[in-house]
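The structure under discussion appears below in the form of structure tokens.
The numbers here are math on the coordinates, done by the rules we state, and not lab data. What you see is a predicted model; the values in this text were computed from it and never measured. In this analysis, Cβ positions are derived from the backbone assuming ideal geometry, glycine residues included, and neighbour counts consider all displayed protein chains.
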Amino acid sequence: MKLQCSRCARSWPLDPTRWRCDCGGVLEIVGAPSFDPARVDERDYTLWRYRAALPLPDEATPVTLGEGWTPLVAAEWDGQPVYLKAEYLNPTGSFKDRGAAVLVTALKAAGVRKVVEDSSGNAGTALAAYAARVGLSATVYVPAHASPVKQAQIAAYGAEVVAVPGPRSEAARAVRRALEEGAVYASHVYSPLYPQGMKTVAFELWEQLGGRAPESVVVPLGHGGLLLGLHAGFGELLAAGLIERLPRLLGVQAQPCAPLARAWERGAADVEPVEEGETVAEGVRIAAPPWGRAVLAAVRESNGAVLALPDEETLMAQRKLAHQGFYVEPTSALAVAALNHLRDRLGGTPVVVLTGSGFKSPPLMANRQQRVALFAHRHDLLYDPSTHALDLVSEVGEVAKEVLLATDYGRRAPHFRPHLADELGDALYSLLALAEACGVDAEGALGAALKKYERRLIERGDAGS
Ligand SMILES: [Zn+2]
């Protein structure tokens, strides 16, 4: 077993602290053990039942919180059968626990005591938990915009949280500075051990479906670690003659930040970085995925596809999933929302991986954002995730101000802008509908405002004018 550079082909010994080649290329594991059904430990209901297929030294003791062997739930989406792989039921609430468990096991066995990581939330949370499990000290750099719930969870495990303002890439830059000072990088993006943890999802699906591969697997796509893990896992099953072909791997990105989908549409072999747009699917907000080339190749080999969806669809899917009892974060709902666009590509009953728990997004904010998104959708308004109720209200206020000025505070007709009355009507309607969507008692609020206005008029002595 060794590491090999995907750019210059140079070999390195399998060292869990090495995360890239000296030339800057990403590293792959060569000669790893592969899946052997006879070596599955059937008494172990965690991912460690596949220990024999993981490239870890024999003496390494698994660092575990009981991750893996998550339920595969049969459900329906718009009348179509679907299997939902409930990865959000992992110990820290996301699929990243698989990668973190394997990586921390290797780091611990190598005698590492301190690690750093940069993450938008779930990977940092997973690393913090597994580091805590085995007494490693961890520092996690997160973008300041990352869900405060995730930041709190990282801190709760005892890791140091460093919130970095600016786009996700700034957190990556901050971690590089720490590395220059000699820190060990436990990277969910670069470490070749991470996808080794992810590949166990493929083994589980094979077992849970009674010894066959699904026709297709749909996943949210950011860096592509899960997709690459699935590709590796199903690849091993294929090599062992246990399945006949790879399932179609279907990756879903968020439209505001979709470098892989753009490359896919162009038919390109590699990814060009995009500007990092804001999206509710914060787990896939990755503007320049370093494994882009490998991800595109894996999708192509599996006869799959990459697509990107607007946030409204994600939020609507999140709500709809919750109404069926699946409480997941927007990033997971993104993959489910894609089912409606993929009908002719699914082949049979697809598997969608529900990657992260709904407990991870701040509930109040998620709720309000969903309501605003739905409101905007119903009324054909432009909506992006940075729009919130306040923006809509201030727009209404702008129209109201114009009406007041144009009519000299209601004393004359708006003769120079005859459509103003219509605009005011629309604005008031929007405001009332928005209030209703957000569960605010608009009539009560309006009544109170009028009372206040009346009192002011009486005080000024011009009531009745
Ligand atoms: Zn190299």
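With a cut-off of 20 Å on the backbone N, the residues of the stretch 1-28 near the modelled label site 7 Å out from Arg300 along Cα-Cβ are 6-9, 26-28.
Protection proxy ranking, highest mean first, for peptides 281-287, 118-124: 118-124, 281-287, where packing is the per-residue count of other beta-carbon atoms within 10 Å, averaged. Most tightly packed first, judged by the mean number of other beta-carbon atoms within 10 Å of their residues, the peptides 6-12, 92-98 read 92-98, 6-12. In terms of surrounding Cβ atoms within a 10 Å radius of their Cβ, Val164, Val219 rank from fewest to most as Val164, Val219.
Pairs exceeding a 24 Å alpha-carbon distance, out of Lys114/Lys150; Lys2/Lys85; Lys114/Lys199; Lys401/Lys452; Lys114/Lys360; Lys96/Lys150: Lys2/Lys85; Lys114/Lys199; Lys114/Lys360.
The Rg/Rh ratio for the chain, using Cα coordinates for both the radius of gyration and the Kirkwood hydrodynamic radius, is 1.08.
A simple charge model with +1 on the Cβ of Lys and Arg, -1 on the Cβ of Asp and Glu and nothing else charged puts the dipole of the stretch 182-325 at about 280 debye relative to its Cα centre. An oblate overall shape is assigned to the stretch 96-185, the ratio a/c of its alpha-carbon gyration tensor axes (a ≥ b ≥ c) being 1.5 or greater and a/b not exceeding b/c.
Placing unit charges on the Cβ atoms of the charged side chains and taking the dipole of the chain about its Cα centre, the candidate lying farthest along the positive direction among Ala268, Gly79, His341 is Ala268.
Under the convention that each Lys and Arg Cβ holds +1 and each Asp and Glu Cβ holds -1, the size of the dipole of the chain around its Cα centre is about 820 debye.
This ranking places Leu103, Leu54 by how few other beta-carbon atoms lie within 10 Å of each, fewest first, which gives Leu54, Leu103. For the chain, the longest principal axis of the alpha carbon atoms and the long axis of helix 442-460 meet at an angle near 40°. Legend: ranking of residues Tyr185, Tyr88, Tyr327 from fewest to most surrounding C-beta atoms inside 10 Å; resulting order Tyr327, Tyr185, Tyr88. When you count the other C-beta atoms within 10 angstrom of each residue and take the mean per peptide, 315-326, 189-200 line up highest first as 189-200, 315-326.
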